[in-house]
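Trainee: Once you've had a glance at the structure underneath, I'll fire off some questions.
The values are calculated or read from the model by the stated rules, or taken from the named source; none is laboratory data. Owing to the predicted nature of the structure, the values given are computational and were not obtained by experimental measurement. Ideal geometry is used to build each Cβ from the backbone, glycine not excepted, and the neighbour counts take in all protein chains shown. Calculation scope for accessible area: heavy atoms of the full protein, side chains included, ligands and nucleic acids excluded. Shrake-Rupley method; radii C 1.70, N 1.55, O 1.52, S 1.80 Å.
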There are 2 protein chains.
Amino acid sequence: MSTGLRPATPDAEYASFRSRLFEAGLLLETGIDGLYGRSDGYEEVVRALDAMVGRWASELGATVVHFPPVLARSTFDHTNYLQSFPDLMGSVHVFRGGDRDHAELLRRVEADADWQALLEPAEVVLASAACHPVYPLCTGRLLDSGRLFEIHGWCFRHEPSVDPARQQAFHMHEVVHVGTPESAEQHRDRGLERGLTMLADLGLDMAAVAANDPFFGRLGAIMAAGQLEEALKMEGVTPICSTERPTAVMSANYHRDHFGLPFSIETPDGSVAHSSCVAFGVDRIALALLHAHGLDPARWPAEVRTRLWP
Amino acid sequence: MSTGLRPATPDAEYASFRSRLFEAGLLLETGIDGLYGRSDGYEEVVRALDAMVGRWASELGATVVHFPPVLARSTFDHTNYLQSFPDLMGSVHVFRGGDRDHAELLRRVEADADWQALLEPAEVVLASAACHPVYPLCTGRLLDSGRLFEIHGWCFRHEPSVDPARQQAFHMHEVVHVGTPESAEQHRDRGLERGLTMLADLGLDMAAVAANDPFFGRLGAIMAAGQLEEALKMEGVTPICSTERPTAVMSANYHRDHFGLPFSIETPDGSVAHSSCVAFGVDRIALALLHAHGLDPARWPAEVRTRLWP
């Protein structure tokens, strides 16, 4: 496993990467920065990465679950996401009116007025992280070994950007453990190591760095500093659009009781459960591979292809 | 291909189907009617159905594209969805405020007040149909043969229901043609026939019926009657939760110029392009199979298994 970054090169080297992705038809424009269609060739890489992470999760004996890209609002409320990342969330709003309200709605659409003000919050929000729906499945007292889940799916984060590695709607693949403080920390540490190895084996120049989540605002800066100081979050980074500021393509996060407490999850001895997750940003990994090995996966090094399509 | 329904049996026969799906762990509760997690065994059936539809689309030479579960709002505006189905759409709203607004947001969350009023419409809405993002790809003048796309993904429709076949977030798999009135109608007709055959070959008792979309309100009733009279929409139905009211698991729809006009798509001779789509509700098909052949796909008839996993 390589842990050193490539020698610094000017970001200009990467300036054309975005436009080459569109020219090659791997990504398709939608008119929105960070929202893209994908070719089947691109998705084939994503599917191979999902399968690769799945083989590791299967070795660990994880339970595979799938969830839609929207999350129950009641679950969202328990995650405290609004306190830390209000700017990233997406709330779903719906129309519950009758014929007369509909006429007013259409009048406003026609007049380019604020028709959305006639909507009401739905029972769901967009999923911000793949792991959120698994915590309600654990409410109650855990068995000895805790729980281990594999889950992947679409996430939404409202952060429009021209960086193709910062998409608003993207795939995330997670292996999540809920157990004791010790087992949660161990899952984070082992997952980080295994993840870095898997990605380095694909020919990516990986480095591990202590990191912080993008907590919002003035108070957020303090929370970020605390998270960083305690090394709760580790990221695996690799150059995609910049050598000097490599992109996080995976992270390993020890949540402490952040989910155990609000979702009332207990260890066998009755204490609050802790959790951790190892998250693979499969879209970012796909982009890192396209950057490192070229835009045609059929011509990637045989060793990389064999690992992806064994 | 069977086109007759089973002999009528009391709906009680199906009353326990929903609860058996949860007991078997195929679907997972989220606390929201119509929003469910899924086991990997369930998703394996969905993946097999996606692959089966994909083999047909590949025979036809369709271009495969993938899109996220959210759609550019500008594209949504062009679909006129708000006029016909305001009650089904999901608008995404986001927080664009600063520190002070965030404090007010959290104050309202704490007070159980309307914090969502502090949000603003995002650049995206939830995708209501898998095919919507392909029409902007066609803007301009088509070549002779028109365009053919295969696209599948998550759709959202706000219609909370305890019927497991009426989910708010579900998979849809479409084969979409954009071309002349003749070629669009032909795609609709051939797709209906082929789809019915594929599903009957899986041991489902299929019938074809002229249908209408669930247009909203008083005006909607008139639109529905018109659509029905002109047989623009055909559905393939099969019993899932009721024999008397079988469930639509696929549809074949001739849109006329509904998309060609707003997306400025022209045929080679400069007239407005017409379009049609053949849509497979893969979640509903999976449920119909589970209903028809039992809850353990490993024990389904060999002929069905071979067609799904060739």
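Trainee: Report yes if B:His177 is open to solvent by 20 Å² or more (accessible area, probe 1.4 Å) and assigned by TED's automatic domain parsing to the domain that holds B:Ala51, otherwise no. Let's see the steps before the verdict.
Mentor: Working: open to solvent by 20 Å² or more (accessible area, probe 1.4 Å): no; assigned by TED's automatic domain parsing to the domain that holds B:Ala51: yes.
So B:His177 fails the test.
Trainee: Right, something else. Within segment B:145-166, how many residues turn out to be in a loop (DSSP other than H, G, I, E, B) and over 22 Å from B:Trp56 (Cα atoms)?
Mentor: Final tally of qualifying residues: 10.
Trainee: For segment B:73-80, indicate whether the set of residues that are hydrophobic (A, V, I, L, M, F, W, C) and either open to solvent by 20 Å² or more (accessible area, probe 1.4 Å) or part of a loop (DSSP other than H, G, I, E, B) (or both) is non-empty.
Mentor: For segment B:73-80, residues hydrophobic (A, V, I, L, M, F, W, C) and either open to solvent by 20 Å² or more (accessible area, probe 1.4 Å) or part of a loop (DSSP other than H, G, I, E, B) (or both): absent.
Trainee: May I pose another question? Mind checking whether some residue in segment B:232-250 is buried (at least 21 other Cβ atoms within 10 Å of the Cβ) and in a helix (DSSP H, G or I)?
Mentor: Within segment B:232-250, none of the residues are buried (at least 21 other Cβ atoms within 10 Å of the Cβ) and in a helix (DSSP H, G or I).
Trainee: Let me ask another. Considering segment A:180-191 alone, what residues qualify as being open to solvent by 10 Å² or more (accessible area, probe 1.4 Å) and part of a helix (DSSP H, G or I)?
Mentor: Matches in segment A:180-191: A:Pro181, A:Glu182, A:Ser183, A:Glu185, A:Gln186, A:His187, A:Arg188, A:Asp189, A:Arg190.
Trainee: Right, something else. Quick check, is A:Gly217 more than 18 Å from the chain's Cα centre (by Cα) and open to solvent by less than 40 Å² (accessible area, probe 1.4 Å)?
Mentor: Numbers: more than 18 Å from the chain's Cα centre (by Cα): yes; open to solvent by less than 40 Å² (accessible area, probe 1.4 Å): yes.
When the stated conditions are applied, A:Gly217 passes them.
Trainee: Which one is most open to solvent (accessible area, probe 1.4 Å), of the residues in segment A:27-38 that are more than 7 Å from chain B (Cβ to nearest Cβ) and out of contact with any Phe, Trp or Tyr (no Cβ under 8 Å at 6 or more places or on another chain)?
Mentor: Here the residue is A:Asp33.
Trainee: Would you check which residues across segment B:49-80 are closer than 13 Å to B:Ile151 by Cα and within 7 Å of chain A (Cβ to nearest Cβ) and list them?
Mentor: B:Val64, B:Val65, B:His66, B:Phe67, B:Pro68, B:Pro69
Trainee: Could you tell me how many of the residues in segment A:192-214 are open to solvent by less than 40 Å² (accessible area, probe 1.4 Å) and within 25 Å of A:Phe85 (Cα to Cα)?
Mentor: Residues meeting the conditions: 3.
Trainee: Taking the residues in segment B:156-169 that are in contact with a helix residue (DSSP H, G or I) (Cβ under 7 Å, 6 or more places away or on another chain) and open to solvent by less than 30 Å² (accessible area, probe 1.4 Å) as candidates, determine which candidate is nearest to A:Gly97 (Cα to Cα).
Mentor: B:Gln167
Trainee: Further question on the same structure: Give segment A:81-102 a look and list any residue that's under 17 Å from the mean Cα position of the chain (by Cα), aromatic (Phe, Trp, Tyr) and either within 7 Å of another protein chain (Cβ to nearest Cβ) or buried (at least 21 other Cβ atoms within 10 Å of the Cβ) (or both), or say none.
Mentor: A:Phe85
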